[in-house]
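Step one of this worksheet: look at the structure below.
The values are calculated or read from the model by the stated rules, or taken from the named source; none is laboratory data. Computed from a predicted structure; not experimentally measured. Reconstructed Cβ throughout: ideal geometry from the backbone, glycine too, with neighbour counts over all protein chains shown.
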Amino acid sequence: MYVGIDTHAETHYVAVIDEDGRRLMDQEFPATAGGYRKIIEFIPTNGNALGIGVECTGSYGAEITRQLAE
């Protein structure tokens, strides 16, 4: 599966697709410390991610990128 995170000031939208590009699940989370924890818990609910793409890693996506790297 692959994960994409669309980042915004107030929320982050997470989409998970399979190897054939079919949507498995998606959900919106608040762009807060608690929201980042929930994103990290949400990602493996369909197995191990083969890749995670984060939009705007230098701005809105910076903190979730740091959290994922840890």
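Summary of computed values
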quantity	calculated
Those residues of the range 9-52 which are closer than 14 Å to Q67 by Cα and of a type in the set (K, R), in sequence order	R37, K38
Search result, residues across the range 14-41 that are part of a helix (DSSP H, G or I), within 14 Å of Y2 (Cα to Cα) and without any contact (Cβ under 8 Å) to a residue 12 or more places away in the chain	none
Qualifying residue in the range 42-62 (condition: touching a Cys at 6+ places or on another chain (Cβ under 9 Å) and within 13 Å of I5 (Cβ to Cβ))	yes
Residue check for D6: more than 15 Å from T65 (Cβ to Cβ), charged (D, E, K, R) and either at pLDDT 95 or above or in a strand (DSSP E or B) (or both)	no
Residue match in the range 45-63 (condition: of a type in the set (A, V, I, L, M) and touching a His at 6+ places or on another chain (Cβ under 6 Å))	no
Residues that are in contact with a helix residue (DSSP H, G or I) (Cβ under 8 Å, 6 or more places away or on another chain) and under 11 Å from H12 (Cα atoms), drawn from the range 32-55	Y36, I39, V54
